[in-house]
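The values are calculated or read from the model by the stated rules, or taken from the named source; none is laboratory data. Fair warning: this is a prediction, and the values are worked out from it, not measured in the lab. Here the Cβ positions follow ideal geometry from the backbone for every residue, glycine too, while neighbour counts run over all protein chains shown. Note: accessible area is taken over every heavy atom of the protein model, side chains too, but ligands, DNA and RNA are not part of it. Shrake-Rupley method; radii C 1.70, N 1.55, O 1.52, S 1.80 Å.
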Amino acid sequence: MEQKVMGLAMVVIVTITVALSFVLMSYPQLHNVAESMEEQREGMVLNGQSVFDLLKGHGVNESDAASNELLPVVEEDKLKGHQIRLTLPDNIKSDAVSVESDYVNKITRVSIKGITNTYFDDYPMIGNPDNIVDVVYSNLNRVGSIDIAMDKVKEIAMTTEGNYLYLDFIDAKDIYEHVVVIDAGHGGKAPGATKQGVSEKNIDLDIVLALKELFDEKPIPGLKVYYTRTTDVNPAFMNRVGLANDTKADVFVSVHNNSTKSGRMSGTSGTEVMYHETDRSGESLRLSMILLDNLIESLGTKNKGTVKGDEIYIIREAKVPVALIEVGFMTNKTELNNLCDEEYQKMCAQAIYDGIMEYIYHDLGENEDE
């Protein structure tokens, strides 16, 4: 009997081992996904006491409010059509208020100099919780931080009237005619390809920062550019593509660099651009072709064409025109040297910039100078 039990136990162990092996073989990127999710909060984080319940009083009747002191009765005319109303103490003016948005993590921070830990006890916050996930308050050295977490990317508008500070959360496309989202691949603990002591994440970021300089040098009215990262962090894949989807971007471009499958140095070289194959509009392919043409013309690299990229998460999940650029091969000595060169990085950035401008304005029959 004991032998039968032992035999059955062995069968169970072998079965579980085989099942786990199959799962791990079927999902080789599980570790990378977990690592990316772990790092998604490297930007602004919620750290303090939740005061979200203060907003839930909007529209309740007096009997409901009486059962919960945290829910004040809020009349529609107190908000005057706005989403949130804060009250500033008499000794604090509007210039003591600053607003900072972490678009990737969908958090907006309102900082007010001169308020204390008991601010919300003395000056209740009222408002409409639509699209708001949480509101967290913290205070350090008499600077109060009100962190508002949203369920999607929003722009914030702040208006003041007397002691009242009104906040509204607005869709990007209600403000800007065109939206561009730029993603620097990898980052943080995800270095990407690493050759001869050089990490892909740094080259990707250097090119994106050079691209940002071009957009910043000559702001175009009606055009907003968002970046998934401008420092060495690794936003979650869902947050990278979420920034593009939530803002209904006209263009979503992710900048990467290539490597041979073996990872060994070789003579393989060239530039390719990946696109969303199942994008029925064909705009992802059109964007990719325009970017590829500009890069090849500027860099003189080998044309490796446009490549179907639906196996890539941020391409597959994109609901907007998307292109993932593989500028060059880090496993090619010549291209690696070029990619590390600041002037070459600027050439890459200029080519990407020109491609985006061509796609948005020329290809769509518009004039960027208007």
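Miscellaneous remarks
- Count - residues of the range 329-370 that are surrounded by 15 or more Cβ atoms within 10 Å (Cβ to Cβ), charged (D, E, K, R) and modelled with pLDDT of 95 or more: 5
- Residue, most open to solvent (accessible area, probe 1.4 Å), within the range 74-115, restricted to residues that are more than 26 Å from the chain's Cα centre (by Cα) and of a type in the set (Ser, Thr, Tyr): 94
- Test: residue in the range 219-241 that is of a type in the set (A, V, I, L, M, F, W, C), in a loop (DSSP other than H, G, I, E, B), at pLDDT 95 or above and within 13 Å of the chain's Cα centre (by Cα): yes
- Residue within the range 315-328 that is more than 27 Å from residue 178 (Cβ to Cβ) and buried (at least 23 other Cβ atoms within 10 Å of the Cβ) present: yes
- Those residues of the range 266-313 which are surrounded by fewer than 23 Cβ atoms within 10 Å (Cβ to Cβ) and β-branched (Val, Ile, Thr), in sequence order: 268, 278, 290, 296, 301, 306, 307, 312
- Candidates 166, 176: the one that is over 17 Å from the mean Cα position of the chain (by Cα), open to solvent by less than 20 Å² (accessible area, probe 1.4 Å) and over 30 Å from residue 260 (Cβ atoms) is 166.
- Top-ranked residue in the range 210-224 [being open to solvent by 30 Å² or more (accessible area, probe 1.4 Å) and touching a helix residue (DSSP H, G or I) at 6+ places or on another chain (Cβ under 8 Å); ranked as nearest to residue 102 (Cα to Cα)]: 224
- Any chance residue 184 is crowded, with 22+ Cβ neighbours inside 10 Å and in contact (Cβ under 8 Å) with a residue 40 or more places away in the chain: yes
- Residues located in the range 137-148, provided they are open to solvent by less than 10 Å² (accessible area, probe 1.4 Å) and either under 17 Å from residue 247 (Cβ atoms) or in contact (Cβ under 8 Å) with a residue 40 or more places away in the chain (or both): 146, 147, 148
- Residue list for the range 238-256, restricted to those being among the hydroxyl-bearing types (Ser, Thr, Tyr) and within 10 Å of residue 183 (Cα to Cα): 254
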